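To start, the structure itself, in structure tokens.
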Amino acid sequence: MTIPAPGAGYGFQRRVWFDMLASHCFADRRYLCPHAAADGAMVTLPLIEQEGQLNALANYYSFAYGPIIDGSPSPDTCLALMGRIAGQLRQEHDRISLYPLPDHDGTARMMRQAFASAGWIALLTDQGSNHILQLNRRDFATYWAGRPRALQTTVEHKGRTTPYCFTIHNRLTNALWQDYLTVHAASWKNAEPWPDMVRAIAEEAASRGALRFGIARAEGRPIAAQIWTIEGTTACIHKIAHNSTQDRNSPGTLLAHHMFRHMIDREKIEQIDHGTGNNACKRDWMEQERPMLRLDCFNPHKAALWLPALRTRISKLVRRPS
């Protein structure tokens, strides 16, 4: 068994990330941080109480979920500490649901094993997907040559006569934030339920030099905006939006082209993570799709929960369409 290294979840398995989520998105929910420590290492599992059960402290802003791992525990130590947390939780709670758990780094399997060893009925299901691009030392020209021809044609044709000026910022000013809100309001997207969370993501990233805020303007007016962060050697795409009245000029596509080229050739990143979801446009830019799993844990001493456990077991047999 392997375990994710500390920080393997990019910016999504840090205390500051969970604190931002708790304060901006789950302020009306009970926030729990059960933990266990041994030999200079500590494992913490941020949770919220919701509708009579415990859930991962995560939502669609989270590219991945997993425990906070402090120190450098061995796989066996990490598993044992997680098992202790699972045992503590079983004393007071009947059901726990954790999503989105990555499988590629061992998080999902480690979590299932820990909860099962503590006496829970622990079931993993294939719940979603994560879209990534691994550069493997390619420069932008090499990467771009492998994109779908329709995407290349759009950039070639629209790029010749583009009315846009592109800039990338590593600080978030009030003016830039207002530009983002203006673009989002004019886009195809629904109203942002927690705009303060989006701003907190950008400001926290800027405070550690990780923000890359891209914007396209026409005659000074903001037309498209993208919020990226750099986590180690990975660039994460958090938010994209463009003014829908400008669709004919493809501002979002042209800004994305500018951002990808900058990240690959200037920032020398090794991987781009486009988060979860099956948006068709992600497949044009990304090359790999990884499963994201959900772990449902049921207390076997609660007979009323056996039926949900059985239903979850059945749903596990139904795979997502590829």
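A few remarks follow.
- Residues satisfying the stated conditions in segment 66-93, i.e. more than 26 Å from the chain's Cα centre (by Cα), farther than 11 Å from ALA36 by Cβ and not acidic (Asp, Glu): ARG90, GLN91, HIS93
- Sole residue being over 16 Å from the mean Cα position of the chain (by Cα), at pLDDT 95 or above, under 28 Å from LEU211 (Cβ atoms) and not aromatic (Phe, Trp, Tyr), chosen from CYS25, CYS33: CYS33
Yes or no, residue by residue, for (1) modelled with pLDDT under 95; (2) acidic (Asp, Glu); (3) farther than 22 Å from PRO251 by Cβ; (4) not assigned by TED's automatic domain parsing to the domain that holds HIS257:
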site: TYR180; (1), (2), (3), (4): no, no, no, no
site: HIS184; (1), (2), (3), (4): no, no, no, no
site: TRP188; (1), (2), (3), (4): yes, no, no, no
site: GLU192; (1), (2), (3), (4): yes, yes, no, no
site: VAL198; (1), (2), (3), (4): no, no, no, no
site: GLU204; (1), (2), (3), (4): no, yes, yes, no
site: PHE213; (1), (2), (3), (4): no, no, no, no
site: ALA216; (1), (2), (3), (4): no, no, no, no
site: GLY220; (1), (2), (3), (4): no, no, no, no
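- Where a residue in segment 81-97 is assigned by TED's automatic domain parsing to the domain that holds PRO67 and its partner, wherever it lies, is among the basic types (Lys, Arg) and crowded, with 18+ Cβ neighbours inside 10 Å, with Cβ under 8 Å and at least six apart: SER97/ARG294
- Answer residue from segment 250-282, given it is at pLDDT below 95 and part of a helix (DSSP H, G or I) and is nearest to the chain's Cα centre (by Cα) among those: LYS282
- So HIS131, is it in contact with a strand residue (DSSP E or B) (Cβ under 8 Å, 6 or more places away or on another chain), buried (at least 18 other Cβ atoms within 10 Å of the Cβ) and without any contact (Cβ under 8 Å) to a residue 60 or more places away in the chain: no
- Filter pass, ILE223 being in contact with a Pro (Cβ under 6 Å, 6 or more places away or on another chain) and in a strand (DSSP E or B): yes
- With respect to the conditions (1) over 27 Å from PHE18 (Cα atoms); (2) touching a strand residue (DSSP E or B) at 6+ places or on another chain (Cβ under 6 Å); (3) surrounded by fewer than 18 Cβ atoms within 10 Å (Cβ to Cβ), PRO251 falls short on a single one, namely (3).
The values are calculated or read from the model by the stated rules, or taken from the named source; none is laboratory data. Owing to the predicted nature of the structure, the values given are computational and were not obtained by experimental measurement. Heads up, the Cβs are rebuilt from the backbone with ideal geometry, glycines too, and the neighbour counts pull from every protein chain shown.
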